[in-house]
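Have a look at the structure below before the remarks.
The values are calculated or read from the model by the stated rules, or taken from the named source; none is laboratory data. From a predicted model like this one, the values you see are computed outputs, not experimental measurements. FYI the Cβ positions are ideal-geometry reconstructions off the backbone, even for glycines, and counts take in every protein chain you see.
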Amino acid sequence: MKARAIMGQAGIKRVLAGVAVAVVSFAALGTVAALWENPIFIRMTPAGGWEIGMLALLAALTGIYVVVRRPFCSDKKIGVGGVLGFLGIACPICNKILLMAFGSQLLLTYYEPVRIYVAALGVIVAAWAVVREWRQWEPAPAPQASSS
């Protein structure tokens, strides 16, 4: 029922905005995390195959969130999920804040082995935010044709 209500005139705009956000977030975060070769960012640790999959999930969830979010009642869980997901897929040595706070030896010894779990936690938090918004979202009623 809710999926059909999305497809109204305003709903199509929301779906297009969600697709745009998903594509842009995938491209931007993947470039910043240097999951593929680019002239701007260089990755110091090799990327495994799971990073792109987690990034794709996170980008898709972010796009879905844009479609179903309630404009004035949204919560911050999707942002927390995005940050955790990004920290999980990004190179720990390339993250200057983490590097200055903990040092490269500590990051490679303790953080690198659990990065996949941090990324998975980010995806889980983002999925929770999407499900929560989906359950509380009330689509606008379809306009009634006037009978004159």
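Things worth noting here:
- In segment 40-71, the residue that is farthest from V130 (Cα to Cα) out of those that are among the β-branched types (V, I, T) and surrounded by 14 or more Cβ atoms within 10 Å (Cβ to Cβ) is T45.
- Being modelled with pLDDT of 80 or more, of a type outside the set (F, W, Y), surrounded by fewer than 15 Cβ atoms within 10 Å (Cβ to Cβ) and touching a helix residue (DSSP H, G or I) at 6+ places or on another chain (Cβ under 9 Å) is not true of A142.
- Selection count, segment 34-66, where residues are among the aliphatic types (A, V, I, L, M) and in contact (Cβ under 8 Å) with a residue 60 or more places away in the chain: 6
- Residue in segment 97-107 that is assigned to a loop (DSSP other than H, G, I, E, B), out of contact with any helix residue (DSSP H, G or I) (no Cβ under 6 Å at 6 or more places or on another chain) and not β-branched (V, I, T) present: yes
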